[in-house]
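The values are calculated or read from the model by the stated rules, or taken from the named source; none is laboratory data. The shown structure was predicted, so the numbers you read here are calculated from the model rather than taken from an experiment. FYI the Cβ positions are ideal-geometry reconstructions off the backbone, even for glycines, and counts take in every protein chain you see.
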Amino acid sequence: MAERSLPIRPRTIGILFAALLVVLGFVSILSGGEALPTPKELNLPPLRTAAMPDYEGQPWQPGAAEADAEGFVPALENGKFALRIHPQTTQIIVADKAGGYDWRSNPPEASLKDETVKGLLLSNLKSPIVLEYVGTQGDDRSRRDQLNASSKELRTTLTRYDRGIQVTYAFEKKRIRVVVQYELTELGLLVRVPDQGIREDGEYALYSFDVLPYFGAAKAGEDGYLFVPDGPGGLINFNASRSSLSQGYVQQIYGPEISRKERGQQPIAFPAFGVKRGDHAYVAVVENGKEETDIKAMPAGLKSSYYNVGASFKYREEYLRRTGRLQNPVKAVETDRMKLDRSVEYRLLSGSKADYVGMAESYRSRLQEDGRLGSKLAPVDHVPLNLGIIGGNSEEAYSRDRYVAATTFAQAADMVKELKNGGVDRIRIIYSGWQDGGDFNATKRFPIESKLGGKKAAQAFVDEMHRLGFPVLFEDNFVYVDVRSAVSAKSNGARGIDGTVFFTSWNDFLLKPSLTVGYGLETAGKLKEIGVDGIHFNWLGETTFRDYERAPTERAETERLYRGLLDYARKELGQAGVYQGNDFTIGAVDYIADFPLYSNYNLIVDESVPFYPIALHGYVPYYGAPGNVRNDYEREFLKAIEYGALPSFVLTHDPARKLKNTPSSYIYSSRFDEWKERIRTEYRDFDRLSKLYDQAIVDHRKIADDVFVTVYENGATVTVDYGRNTFAVQDGGSR
Amino acid sequence: MWKRMAVLVLATAFLFVSAPLPASAELPYRTYFNDANSGDWSRIQAVYVPDRTISLSLEEPVDLFIGDDDDAYVVDRAANRIVVIRRDGTLRRTIGDAEGPGALKAPEGVFAAFDGTVYVADTGNERIAVYSREGRWIREYKKPDSSYLPADTYFVPSKIVVDKRGVMYIGISGSELGLLRVDPDGRFTGAFGSNKAEQSYSNWLKHLILNKEQLEKEVANRPRAITNATIGSDGFIYTASAGRGSGNIRKLNPGGFDTFRNKALQNTEGIVDVAVDREGFLYGIDSHNAALTLYDPLGNALFAFGDIDSESVRKGVFGFPTSLAVNSAFEIWVADSKLKNIQTFKRTPFGENVLTAIMLFAKGDYEKSKPYWESVSAQNEMFNMTFQGLGKVDLEEKEYAEAIENFKTAYDVDGYSQAFWEVRYAWLQRHLAALFAVVAAACLGIKYGYKAARRRVRARAWPPRLVRYFLELKDIGYVLIHPYHAFYKLKERTVSWPVIVAILLAAVGYKVLAIYFTGFVFNPVDTSQINLPNKLIFFAVPWLTWIIANYLVCSVRGGEGRFREVVQSSTYALAPYLVFSLPLLLLSNIVVLEERVLVDALHQAMLIWLLCLFFVSMQVIHNFEFVETIRNSLITAFAIGIIWFFAFIVSGLTFNLYDFFIQLYREAIYFG
């Protein structure tokens, strides 16, 4: 037997081997075909790395003769501004020559006499920098404390370089060294903190660094306000009575580290803050390292008797580290420093420009200088309505997942046609819930859900909309991944500060940004086949995070990839949209939905002002909360009119109650028949502002209690009266 | 620091589906509504939003009262004054901060009578100080001279309420006497509305076990102090007393009788203060659940919102709330001694609609409530109470079919039953004759049809196996009527497995039918959300453990039954379930609430029958005496209990083990 089987065996092996090869080949072809695109296809320019030089050179010792009465010596000067520095305290004064005003880094010594605070708080008030350090060894481990320019162990050195002056702060006991560079520009002051200038040679590490925390600080009762980037912009008045707060306004630009997101607090969307004092103001824009910067504003009475605002650069993140399952977590601080250059530009304003409108305009020109804002919008005859349509969602019923359809493609087409016949002339359709089985599965979107009609119906719908002249965008989420998706969290999930994959309270994880791009590219390719005009990217406009891999992905890199994906979708399909619209998406989006029009109910913020709307109007169209999901229909409608936002609704054909057991249950009412009348009237109202669509806002003010006026470039004004629930549009002649 | 609202825990069922929402202008708090029919809390859009923040250099606002003219009176304890604030938040005047007899010292309570007279609980001066509307000092009331007042009572008034006749109800800090009632002449007329000492089983047990000395060392079980009080426009006095248990908000009539009858209101464990609006709706602020809760006039929780955080930086989140009040426009004002401010909340248009609708609903003005319910439903289709309200309207309009649908949607059994009665009545009126005809025809049909069928079946020759199955199945009926005889018969032979399996499957099948098709009156739930495997496990487990326990116990106790016999007879003992299920199912679909007793009685009968059969089966199978059977049944029941207990313990332990491995896995997978 054995002898006879011998000649057969090699053949069997050969056949098996061939079969294996065929299978392997198939697998590789299949997986090759399904391999995700990588960000390389975006052809993005590389991210800038820390490159600001540290100007160590001959120390500059100004002569005593140059000093003025207070001891400040002239250091820098250009046509518009002059900078004087105090060699001992390192305080600075920036003189605005045309405005005739001195901006001081700290309150003058003379006015500190009646200051009630003492010790560290008082010396902070006299220092242009406040450094927070953390111990890395022994008992001091994770303990934080502050140092400032009046520290006894400090050695300061002034160095001049071609464009500016560098102040080197070396704390000799703690063995920490930081440099601050001041340069004058045509618009004001540029402050830089290069990473190359930082040394941590001892047992202490840099935790955070506040630069010019008291620049332009003012006493309670003065005329003016602090400007903070709360919602659309918020003012903290110097002369308002205040609740007793234990904290000031401290918020990280673009939101905090992912694991400590606060409920309902909308992240800061733009990196600007400012001060107005009488006829003078400045707006400061954080540029380098803005993603890891807190904006800190303090009311008088908390840390001193001054109102002050400034940028606080974060170098390490504090977190709770679990050492075991049964032990309480301990506070820990990251070991490695975020190696980022930092810079803030202070743009000084005076006269009629010295208010939040002037600040917003200055910020707008900043966006233009960076080439991010793009060109003006083309004028329109009618404003575009954003019509969100919820196709459906998945629910758990009879112990399994089941898709519930709320609007099929055919029904959606009927709805749009009815609106069009009712006088809604321009519509952008944003269709969500079209994915196979609902939008929870991050890896499986196609085929398009059959209960909605499938690919054929989708195609027909898109074609029909095109005949009407309306673009169709599909909404998708490439950021948060439901655990039900067939994708491994270990290799694809972003890691939180403790090094583990971060899960939200609803057990989703965040996709690594490069994979977000991959799935985005893949989906865009497939949607192109049916002629979709773009993608509405959920979470790209309101999210950024640092992926704490061994070699971390910085927040700036996340933003760069997201922006690249948005750009790609625009090029490939036509349009891209986001929610909230953090300013890193500006220039890569065609519109912003759920744009921040409302404040975050911070007790410290006295007034909400349309800073961000002023910066963007005429360049980027933006929409407030959909008309059917407002808390107060009339007031929020008027707010949208006041701030120049556009109309939007999110609807279903069937009753919203059908989606009661699905994740869409937060949309309490969306039935088309219920809302169509309201859409028509609201659209007609919004359309009265159609001539202002491409116009920049040039002024905004309160003219009476509850009455606000917004003025546009072409002279047109919009007056909104919240008391009487009315608004009026006055044309400003021809445009 | 963050006290999670209990409602959040209840709402977790909703949280797991509430995936990330697009970040838009969200309030610092979420609003939840309480579905009275299901008891669930779920999210809803805001009914109240933060409006104004009034600080006015307040130093320590500890009490707040809003008068009929909507002026707010704030006790600023540290500043020794009363601050009177207009409705728009501006200062009208301060009271009691001038030198003289009217100067206040650390006051804690304030009340403004309908004529504008201001009564202040001047705690530091141990008196009640009275001022005119303009803030002029009029007189004071010191500790009343009365033999009825225990001599050791300290007169440190901290809260005060005054009724229309000028009688004062004075709350004393930490006192268990309740409120001291003092007439306008300063005479003490008795303690009012004291809380009762809580009677608990642990106390009862302590009294039983501990001796006198030990008892003395125990913390005395004393009545709780009243933390706050207010008076409604109808003259009822509402008291708030924090603590575990019931009666935390009481509604006292002039006789001191609690018309809520010691009801346990939700979100009151850490009740700080209670307010009542002119429609009798209650507003409570609770430090334990960190929520402001609205109740209907009967004390049923409706909505909860707000939050407490000592580090609060946002409107709508309290630092240390001390008092709340409601004005004529239903604005809620909350005093906060940590933030040193007053925060006001106003109703949203939705809140206006929904609360007006509920108000009319509570009054029974269903017809008037209709437009409000309609606009509520236009703004929120998820809110179940709308359907209840509209159902009532339908009832009044005699639209019974719509009413049934609405009540079903709201899971309101009571309303459903009313509407169903009407529908059934109309149907019977129309179809009574036809119904009789059908029933008669069916009876005849069955009678003759059965005979004919039997004849035909007998005429044919059947395969022996089928004949056997048929005979075995027929024994089910025999078990029902002659259990002893039937079980003896069964004991003598082996029933084929297919029949046993068929009977068990039939039982499970009936259970499934019962889960999904029992009448709404008996099963008011969303059937799509039922966890079927879970239900079936709980259905099967008792039967299975009975078999195991029965076999184990009886084989030890000298029973002669073998395992197979136990299984066999226990299966046949299910006969009543098979027979009764269908009629029960049918009946449950045609009775109304008042006739529920019919179904319940039948159900009880079935259960008793089942028990009897199990008992008989045990006796017969194991050949026990009657008394022996009783004893062994009890032992079996005990054994079942033990089995379940161990299963519970083991599952608990294995869950810990399982959890340990899961955590280990997560650690290995997501960390490395």
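Please verify whether the stretch B:216-227 includes one or more residues that are modelled with pLDDT of 80 or more and closer than 18 Å to B:Pro254 by Cβ. Taking every residue of the stretch B:216-227 in turn, at least one turns out to be modelled with pLDDT of 80 or more and closer than 18 Å to B:Pro254 by Cβ. Among the residues of the stretch A:359-402, those that are surrounded by fewer than 20 Cβ atoms within 10 Å (Cβ to Cβ) and assigned to a strand (DSSP E or B) comprise A:Glu396, A:Ala397, A:Arg400, A:Asp401, A:Arg402. Put simply, of A:Gly57, A:Gly79, A:Gly63, A:Gly71 the only residue that is of a type outside the set (Lys, Arg), farther than 28 Å from A:Glu291 by Cβ and under 35 Å from the mean Cα position of the chain (by Cα) is A:Gly79. Checking the stretch A:342-351 against the condition returns no match, with no residue being farther than 30 Å from A:Lys676 by Cβ, part of a loop (DSSP other than H, G, I, E, B) and at pLDDT below 95. Scanning the stretch A:94-115 for residues that are within 18 Å of A:Val191 (Cβ to Cβ) and among the β-branched types (Val, Ile, Thr) turns up at least one hit. Of the strands (runs of 3 or more DSSP E) that lie entirely inside the stretch B:272-327, those containing 1 or more residues that are among the aromatic types (Phe, Trp, Tyr) and farther than 28 Å from A:Val605 by Cβ span B:291-295.
Could you tell me whether B:Arg430 is at pLDDT below 95 and exposed (fewer than 13 other Cβ atoms within 10 Å of the Cβ)? So B:Arg430 fits the description; yes. For the stretch A:205-282, list the strands (runs of 3 or more DSSP E) that sit wholly inside it and hold at least 2 residues that are within 14 Å of chain B (Cβ to nearest Cβ); which are they? Passing ranges, in order: A:234-237, A:249-252. For B:Phe350, the conditions (1) part of a helix (DSSP H, G or I); (2) within 24 Å of B:Val592 (Cβ to Cβ) are fulfilled apart from (2). Of all positions in the stretch B:290-305, at least one carries a residue that is within 14 Å of chain A (Cβ to nearest Cβ) and over 25 Å from B:Val376 (Cβ atoms). So, of the residues in the stretch A:668-692 that are within 9 Å of chain B (Cβ to nearest Cβ) and within 30 Å of the chain's Cα centre (by Cα), which turns out to be farthest from B:Ser377 (Cα to Cα)? Filtering first and then ranking leaves A:Ser670. Scanning for something assigned to a strand (DSSP E or B) and over 30 Å from B:Glu352 (Cα atoms), does the stretch B:59-76 turn up at least one residue? Scanning the stretch B:59-76 turns up at least one residue that is assigned to a strand (DSSP E or B) and over 30 Å from B:Glu352 (Cα atoms). All told, A:Ala645 meets the bar of being within 14 Å of chain B (Cβ to nearest Cβ) and within 30 Å of A:Thr710 (Cα to Cα).
Within the stretch B:323-346, the presence of a residue that is away from chain A (no Cβ under 12 Å), free of Cβ contacts under 8 Å to residues at least 40 places away in the same chain and not β-branched (Val, Ile, Thr) is excluded. Here the stretch A:152-163 is the region considered, the condition is being without any contact (Cβ under 8 Å) to a residue 24 or more places away in the chain and over 36 Å from the mean Cα position of the chain (by Cα), and the residue that is surrounded by the most Cβ atoms within 10 Å (Cβ to Cβ) is A:Leu154. Residues of the stretch A:700-716 that are over 24 Å from A:Ala625 (Cβ atoms) and surrounded by 16 or more Cβ atoms within 10 Å (Cβ to Cβ): A:Val711, A:Glu713, A:Asn714, A:Ala716.
Being farther than 27 Å from A:Val472 by Cβ and polar (S, T, N, Q) is the filter; apply it to the stretch A:525-560 and report the residue that is nearest to the chain's Cα centre (by Cα). Top of the filtered list is A:Thr544.
Residue-by-condition table, conditions (1) more than 8 Å from chain B (Cβ to nearest Cβ); (2) over 17 Å from A:Ala269 (Cβ atoms); (3) touching a strand residue (DSSP E or B) at 6+ places or on another chain (Cβ under 9 Å):
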| residue | (1), (2), (3) |
| --- | --- |
| A:Gln575 | yes, yes, yes |
| A:Val578 | yes, no, yes |
| A:Asp590 | yes, yes, yes |
| A:Ser608 | yes, no, yes |
| A:Arg630 | yes, yes, no |
| A:Tyr633 | no, yes, no |
| A:Asn661 | no, yes, yes |
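Of all residues in the stretch B:309-318, those being more than 8 Å from chain A (Cβ to nearest Cβ) and at pLDDT 90 or above number 2. The condition of being closer than 18 Å to A:Arg155 by Cα, at pLDDT 90 or above and surrounded by fewer than 14 Cβ atoms within 10 Å (Cβ to Cβ) holds for only one of A:Pro59, A:Pro87, that being A:Pro59. Within the stretch B:366-380, residues that are of a type in the set (Val, Ile, Thr) sit with their Cβ atoms under 6 Å from residues that are in a helix (DSSP H, G or I), at 6+ positions apart or across chains, in these pairs: B:Val376/B:Asn353; B:Val376/B:Val354; B:Val376/B:Ala357; B:Val376/B:Thr386. Taking helices (runs of 4 or more DSSP H) as the structural unit, those lying wholly within the stretch A:416-535 and holding at least 1 residues that are buried (at least 24 other Cβ atoms within 10 Å of the Cβ) and more than 13 Å from every other protein chain (Cβ to nearest Cβ) correspond to A:454-468, A:513-529.
Only one of the numbered conditions (1) charged (D, E, K, R); (2) within 53 Å of the chain's Cα centre (by Cα); (3) at pLDDT below 85 is violated by B:Lys489, and that is (3).
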